[in-house]
Ligand code: GLY
């Protein structure tokens with residue numbers, strides 16, 4: 001089979017890597033791809049951007065592409081799936097309407113309230129004065145969210161009502177996120193640890209993947225500004241198989257049934273960002289695609305053929321596949337360029353990728369490009385180093401051993417990915433899968449998003465700033 005993969009980040013490199021293992025695969029074209037996908041066997045970069053729908057459709061026709069797979073949210077929200085289907089081409093991902101679950105937080109919130117999916121209460125506003133009147137009636141500081149796509153940075157967590165008012169002003173009046181913030185949600189702030197649950201969906205049914213933990217803040221201990229994600233690990237120790245079944249029943253099933261009933265069946269990956277509150281899991285947000293870097297951590301755990309699963313999603317026959325997952329854990333550490341997330345310093349040479357791979361790690365490239373045989377920094381999140389092992393702790397040790405081999409000037413990464421864990425998380429995934437943990441809630445000593453980092457058994461040295 002010939003595939004066209006749309007996107008150019010670490011997630012797409014991980015997808016290309018996993019798809020290239022399929023026996024049925026002949027070739028993957030990646031549009032636009034990156035310095036890593038350029039070098040993958042059976043893989044070839046194509047000089048087309050994700051928003052060039054007409055050119056992508058022409059390419060798919062010209063090269064007799066059997067399946068197009070879309071990585072990022074923007075083309076999905078903009079209707080790439082509808083455009084390909086109108087051209088009679090097979091594509092993996094939700095339609096424009098279904099992708100509004102991510103494209104419009106207002107739409108997602110209305111859907112959840114309509115279908116009884118647990119989530120925080122929220123009101124949406126386009127007018128600053130109305131939003132202020134609402135804020136004055138609240139007795140707890142809310143979360144302020146831009147309704148549209150804001151590259152993962154549209155959720156603001158003010159500590160005071162005054163800061164909440166400033167946040168609303170920044171979005172509605174200053175247009176900090178442009179059109180993404182013309183509608184603002186003022187949302188009840190939920191408490192508890194967060195977890196990401198992703199599912200393959202075929203319009204009617206879904207199959208959950210191992211739950212993952214995502215690290216969004218820039219610095220260790222969850223400090224610093226929000227980023228698009230600087231690390232992940234899977235499986236999360238915070239959910240038992242019973243809780244995952246409950247999440248499937250109370251969250252994924254009503255969303256799939258609701259969208260199907262409204263004529264927008266959801267086919268693709270649905271990602272639920274959840275908070276484990278005292279009353280049970282509640283949805284913080286939906287994404288309409290694989291997470292980045294969650295994909296880098298989850299996909300290496302998939303033993304089965306990913307291509308078969310994606311094809312079953314597009315055909316509406318998910319009941320015919322049973323994905324097998326390795327009884328292992330994976331930790332993914334993102335290395336970012338200097339200045340990220342505000343700016344990024346590009347054009348700097350990257351050393352040591354092959355050495356990191358020789359340690360057994362997978363390096364998924366993102367903000368990189370090849371020039372004259374050299375690998376250069378070309379974006380904010382530069383690459384992700386992933387390792388698998390029997391436990392999260394062991395996988396983290398291996399991932400950081402890989403990270404230490406990679407050098408580029410100004411490299412930044414967190415040193416606590418897969419390490420800032422509750423004590424119970426050090427259990428092997430086999431034990432977790434057997435459901436040894438009886439609590440239905442996270443241990444009480446969990447404070448905030450994650451507990452205080454455990455001291456690493458071996459102190460970790462950040463990479464040298466200059467190669
Ligand atoms: N890692 C969060 C996201 O992909 O949106």
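Classification of the range 248-300 by its C-alpha gyration tensor yields an oblate form. The axis ratio a/c (a ≥ b ≥ c) is 1.5 or more, and b/c is at least a/b.
Rounded, prolate or oblate for the range 1-63? Axes are the square roots of the Cα gyration tensor eigenvalues, ordered a ≥ b ≥ c, and the cut-off for rounded is a/c under 1.5. Oblate is the answer for the range 1-63, as a/c is 1.5 or above yet b/c matches or exceeds a/b. Report note on the peptides 85-94, 290-299: ranked by the mean count of other C-beta atoms within 10 Å, highest first, their order is 290-299, 85-94.
The fraction of all Cα pairs in the range 1-140 landing in successive 10 Å bins from 0 to the largest distance is 11, 33, 24, 15, 11, 4, 0, given as whole percents. Fully extending the segment from residue 371 to residue 315, taken as 0.36 nm per residue of separation minus the present Cα-Cα distance, adds 16.1 nm. Sort out for me the Cα centre separation of the range 29-91 from the range 213-227, rounded to whole Å. After rounding, the separation between the Cα centres reads 31 Å. Peptides 338-346, 96-104, ordered by how many other C-beta atoms sit within 10 Å of their residues on average, highest first, read 96-104, 338-346. So what is the relative contact order for the chain, in percent, with contacts set as C-alpha pairs under 8 Å and at least six apart? The value is 15 percent.
Please say if the chain is rounded, prolate or oblate, where rounded means a/c under 1.5 for a ≥ b ≥ c the square roots of the C-alpha gyration tensor eigenvalues, and otherwise the choice is prolate for a/b larger than b/c and oblate otherwise? Verdict is rounded for the chain. Across the range 352-404, the volume of the C-alpha convex hull divided among the residues equals 69 Å³ per residue.
Report note on the peptides 196-206, 372-382: ranked by the mean count of other C-beta atoms within 10 Å, highest first, their order is 196-206, 372-382.
Any read-out appearing in this document is the output of simple, stated calculations on the displayed coordinates, not a laboratory observation. This is a predicted model, so every value here is computed, not measured. Every residue, glycine among them, receives a Cβ derived from its backbone with ideal geometry; neighbour counts consider all protein chains shown.
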